Every structure is written in C-alpha cells, then in structure tokens.
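FYI, it's all coordinate maths here, none of it is from the lab. Here the structure is a predicted model, which is why all the values come from computation and not from measurement. Cβ sites come from the backbone with ideal geometry, for glycine too, and all protein chains shown count toward neighbours.
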Amino acid sequence: MSTLLHVDSSVRAASNPNPDHDSISKRVARRFIDTWRKKRPEDEYIYRDVGVNPPDFITQDWIGAVFTPEENRTPAQKERLALSDELIAEVSAADVIVISSPMYNYGMPAQLKAWFDQIVRINKTFDFDLSRGDFPLQPLLSGKTLILVTSSGEFGFEKGGIREHSGHLAPHLRTLSKYLGVDTMYEIASEYQEFGDERHRLSVANANERAECIATELSVTVPAQAPQCAVLPV
Ligand SMILES: Cc1cc2nc3c(=O)[nH]c(=O)nc-3n(C[C@H](O)[C@H](O)[C@H](O)COP(=O)(O)O)c2cc1C
C-alpha cells in the first residue's frame with residue numbers, strides 16, 4: 001500500500017454550472033487520481049484544495065517559532081506551527097504527490113506558494129550546515145514521485161518554446177520539489193486556454209491522455225520504473 005497526496009490550487013472549481021468555467025488543471029489531475037484509485041483502491045488518499053482553502057501566510061511569529069528549539073516553544077508557538085506540522089506530516093506520508101496548478105502571472109498561485117512556505121521548514125524538511133560549503137541546505141525527505149499538472153492561457157513555456165523565459169511555474173516547482181523529497185517528477189501541461197481554439201482542445205485532450213497513461217503505468221511500476229508515456233511530447 002502506498003499513500004497518494006493530491007493538492008489542487010486553482011481558485012476555480014472542477015465542476016461549475018457552466019463547464020466553460022471549470023478548472024482545467026483540477027480536471028486533468030482528477031483524471032490521474034481516478035485512474036490511479038481504480039488501479040490501487042487500497043492506497044491511502046489525502047486531498048487538499050489550497051485554491052479554495054488557502055493555508056495561512058507565514059509571519060514573523062511563525063519564523064520565530066520555527067527557530068525556537070522544540071522543547072522551548074510556548075503553547076502559542078506550538079499552535080502557530082500546528083498547520084505547518086499537519087501539512088508536513090501529509091507530505092512525509094506520501095509516496096506519490098499530485099500537484100495541480102494554474103499559471104497566474106507566469107508563476108504559481110499565491111495560495112500554492114503559501115502551502116510551500118508552510119512546508120519547506122528548517123529541521124523538518126531540510127537542514128542547514130555551513131560545513132557543506134556553498135550548498136548548506138539539504139532536504140531531509142526522499143523517495144517520492146511528483147506529478148505536476150499545469151494549465152496556462154498562453155503557450156510555449158517549455159524549453160525552446162517561444163515563451164521559455166517567461167515560464168516560471170514548472171521551473172519553480174521543480175526547484176522546490178526536492179524539499180518535498182521528490183526524486184522523480186512528471187509534468188503534464190495544458191496550454192492555449194485563452195485562445196479557445198483547436199490547439200486548446202488538442203492540448204487538453206493530450207494532457208488528459210498523458211494523465212491516464214502515466215497513472216496507469218506508474219500504478220503498477222511505482223516507484224522503480226519510468227512510464228513509457230512520460231516521454232511523449234507535452
Ligand atoms: C489571475 C490570472 C492570471 C493569469 N496569468 C496567466 C499568465 O501569466 N500566463 C498565462 O499563460 N495564463 C495566465 N492566466 C490564464 C490561466 O493560466 C488559465 O486560465 C488556466 O487555465 C487557469 O487554470 P485552471 O483552468 O486550472 O483554473 C491567468 C489567469 C488568471 C485568472
């Protein structure tokens with residue numbers, strides 16, 4: 001049995017009275033999750049919608065509590081870190097993490113960044129040691145697989161694409177993923193939402209197909225073998 005952590009972050013719902021308003025990233029992620037859970041119904045499943053229920057932003061008090069040794073923390077400081085503890089426990093328990101994210105202003109939504117800020121925490125998910133020279137931070141978690149599902153209105157954010165240098169969503173998530181303990185990451189991107197044309201339709205169809213294919217292959221090979229469909233072009 002493994003544990004699947006699913007984090008959605010669009011402010012849009014997956015299903016609305018007008019389906020044109022449905023979150024594409026949530027719907028594609030749902031395709032992955034439904035496929036996975038059909039194959040592995042015994043797995044633990046943890047769900048967070050940080051787009052609809054955003055974690056608190058961190059504060060000066062939060063940082064003060066983090067840097068206070070655990071045994072010296074006041075009840076108020078413990079309370080201040082309770083959400084962070086809970087979110088870190090969910091990440092620690094997970095073998096496979098699915099994060100779905102819209103592109104907002106060329107990066108991730110503030111709500112998803114707030115989730116990372118609660119989780120990337122000294123002596124919990126990384127430690128810091130200046131004897132490591134120029135790279136003092138080291139992740140404390142490992143062995144996890146991340147599936148990143150994104151949706152954007154424009155297109156061409158991939159390597160060599162016409163907006164490569166404006167694409168800060170997947171690169172930022174890739175950098176942060178190591179602090180979740182991610183060793184292997186698959187990306188599923190849907191683009192062209194703002195154009196609403198055939199390219200958009202094909203992009204969504206391709207993303208759904210990749211989600212189903214990666215879920216199908218990973219659900220039997222987890223965690224060792226890379227799925228063949230992961231090498232299909234986005
Ligand atoms: C506040 C906001 C900012 C956006 N910024 C960008 C952007 O910088 N680049 C882009 O390609 N699309 C942008 N979009 C379009 C969204 O990425 C697109 O609608 C995507 O499908 C949203 O994800 P969702 O369908 O899962 O909600 C933006 C949309 C909103 C609402």
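So the values come out like this:
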| quantity | calculated |
| --- | --- |
| P(r) of the range 56-177 over all Cα-Cα pairs, binned every 10 Å from zero, in whole percent | 11, 36, 33, 17, 3, 0 |
| Proximal charge balance of residue 27 [Cβ under 14 Å; K/R count +1, D/E count -1] | -1 |
| Counted charge near residue 93, where neighbours are those whose Cβ lies closer than 13 Å (Asp, Glu -1; Lys, Arg +1) | -4 |
| Amide hydrogen neighbours beyond the local backbone of residue 101, cut-off 5 Å, H modeled | 149, 150, 151 |
| Inter-label distance, nm, simple model (7 Å from Cα along the C-beta direction), residue 93/residue 183 | 2.3 |
| Whole-Hz ³J(HN,Hα) from phi, Karplus 6.51 cos²θ - 1.76 cosθ + 1.60, for the range 178-193, glycine and proline x | 5, 7, 8, x, 8, 9, 10, 9, 10, 10, 10, 10, 10, 10, 6, 3 |
| Lys/Arg +1, Asp/Glu -1 at C-beta; the range 119-222 dipole; positive extreme among 181, 192, 156 | 181 |
| Evaluated at q = 0.08, 0.10, 0.13, 0.16 Å⁻¹: base-10 log I(q)/I(0), Debye formula over Cα of the chain | -0.31, -0.49, -0.81, -1.17 |
| Taking all pairs of distinct alpha-carbon atoms in the range 1-90, Kirkwood radius in angstrom | 15.7 |
| FRET efficiency estimate (nearest 0.05) - Cβ-Cβ, residue 86 to residue 37, R0 30 angstrom | 0.85 |
| The chain - charge dipole about Cα centre, Lys and Arg +1 at Cβ, Asp and Glu -1, debye rounded to 20 | 180 |
| Across 144/178; 78/144; 124/144; 78/113; 124/178, pairs whose alpha-carbon gap is larger than 19 Å | 78/144; 78/113 |
